[in-house]
1. Determine the per residue accessible area of the range 1-118 with all protein chains present and a 1.4 angstrom probe, expressed in square angstrom.
2. Could you tell me the number of lysine pairs in the chain with C-alpha atoms less than 20 Å from each other, where the two lysines are 8 or more residues apart or belong to different chains?
3. If you roll a 1.4 angstrom probe over the protein chains with everything in place, what fraction of the accessible area of the range 35-110 belongs to carbon and sulfur, to the nearest %?
4. In units of 2.2 N^0.38 Å, what is the alpha-carbon radius of gyration of the range 18-117?
5. Report P(r) for the chain: all Cα-Cα distances, bin width 20 Å, range 0 to the bin holding the largest distance, values in whole percent.
6. Let me make sure I get this right: for the range 166-256, a, b and c are the square roots of the gyration tensor eigenvalues over alpha carbons, sorted descending. Under 1.5 in a/c it's rounded, otherwise prolate if a/b > b/c, else oblate. Which is it?
7. Carbon and sulfur together cover what percent of the accessible area of the range 125-305 at a 1.4 Å probe radius?
8. Please work out the average accessible area per residue across the range 135-244, using the 1.4 Å probe convention, and give it in Å².
Amino acid sequence: MTALLTFSPEVAAARAEGRAIVALESTIITHGMPFPQNVETARAVEAEVRAHGAVPATIAVMGGRIHIGLTDAQLDALGQAQDVMKLSRADLAACLALGRTGATTVAATMICAELAGIAVFATGGIGGVHRGAETSFDISADLAELGETAVTVVAAGAKAILDLPKTLEVLETRGVPVIAYGQDDFPAFWSRASGLKAPLRMDSAAEIAAAHKMRATLGLPGGQLVANPIPQDAEIARDVINPVIETALAEAQTQGIAAKAVTPFLLQRIFELTDGRSLTSNIALVMNNARLGAAIARALAERTL
Ligand code: PSU
Ligand code: MN
């Protein structure tokens with residue numbers, strides 16, 4: 001199985017030395033942000049992971065291989081490529097078999113990270129239960145993956161475009177620990193607070209690393225969701241972002257946007273409707289998650305010595 005993996009020279013060296021590694025996804029690059037901010041952000045996030053003592057491994061599928069860590073040229077090509085598949089658990093094998101280019105969502109990045117022996121993954125926000133899921137049945141495969149694959153995912157909670165109470169309910173059903181970092185409230189991506197209390201709270205990377213290890217000791221499958229609030233100075237207040245979200249959701253409904261297209265459509269419309277402010281916030285929270293991800297990966301690497 002690992003014959004399908006291609007490690008970048010940087011990641012290969014880190015593995016050989018037993019250094020801390022943080023996985024990063026690629027759907028945020030191809031479907032989550034416009035060019036050139038997508039590539040600039042991906043580079044900045046990688047640099048932030050390095051600056052905090054870990055090695056970044058951006059994951060994507062190209063030429064029938066799962067790439068764990070991308071070279072500068074590969075990242076650049078991916079950021080401008082057309083026709084890139086958005087890969088979740090359902091699409092990963094098909095993309096590899098057909099030799100197509102694919103960007104990994106949270107779910108697919110978790111699968112690839114686990115294959116590569118990487119325990120920590122930092123991103124922006126996870127997919128979740130969409131509003132109106134009681135009729136659309138639109139529930140992101142990210143939630144099921146968190147219940148199955150032993151990777152700790154650092155995100156700024158789930159986007160307020162989703163139904164957050166239902167998202168928390170599904171995570172609970174799937175046995176996923178949802179850990180708010182440094183506060184009681186479950187964060188709502190662009191806003192620090194959702195008004196919903198997170199099931200668990202931890203205040204240090206060491207605690208999160210210890211909980212990750214304890215799950216392995218217990219033989220429990222599945223990962224952890226670490227919900228890290230956006231930095232204060234980058235936050236968009238709930239009463240500012242909510243009307244924008246309502247507008248974007250209404251447009252998606254009118255235009256019949258469905259399935260995989262929903263999340264990219266909403267992100268793009270909210271970007272336009274906020275004159276780019278949502279993107280500035282998005283970049284700040286991903287950087288913040290990269291820092292916490294690096295700290296957790298370092299704590300895990302120390303604990304195995
Ligand atoms: N959150 C973001 N930007 C993104 C995504 C989430 O802020 O680009 C992507 C992630 O890759 C996530 C995916 O896994 O959207 C969820 O898509 P869906 O809702 O179709 O499952
Ligand atoms: Mn969906």
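The values are calculated or read from the model by the stated rules, or taken from the named source; none is laboratory data. These numbers were taken from a predicted model, which means no experiment stands behind them. When we count neighbours, we look across all protein chains shown, and the Cβ atoms used for this are built from the backbone with ideal geometry, even at glycine. Side chains included, ligands, DNA and RNA excluded: accessible areas come from the protein's heavy atoms. Shrake-Rupley method; radii C 1.70, N 1.55, O 1.52, S 1.80 Å.
1. Numbers: 4700 Å² over 118 residues.
Result: 40 Å² of accessible area for each residue.
2. Working: Lys86/Lys159; Lys86/Lys260; Lys159/Lys197; Lys159/Lys260; Lys166/Lys197; Lys166/Lys260.
Taking the chain as the scope, the lysine pair count is 6.
3. Values: 1540 of 2900 Å².
For the range 35-110, the apolar C and S fraction of the accessible surface comes to 53 percent.
4. Working: Rg = 12.6 Å, N = 100, 2.2 N^0.38 = 12.7 Å.
Cα-based Rg divided by the globular estimate yields 1.00.
5. 37, 60, 3
6. Values: a/c = 3.15, a/b = 1.67, b/c = 1.89.
It comes out oblate by the Cα gyration axes.
7. Working: 4300 of 7800 Å².
That share works out to 55 percent.
8. Working: 4570 Å² over 110 residues.
Normalised by residue count, the accessible surface of the range 135-244 is 42 Å².
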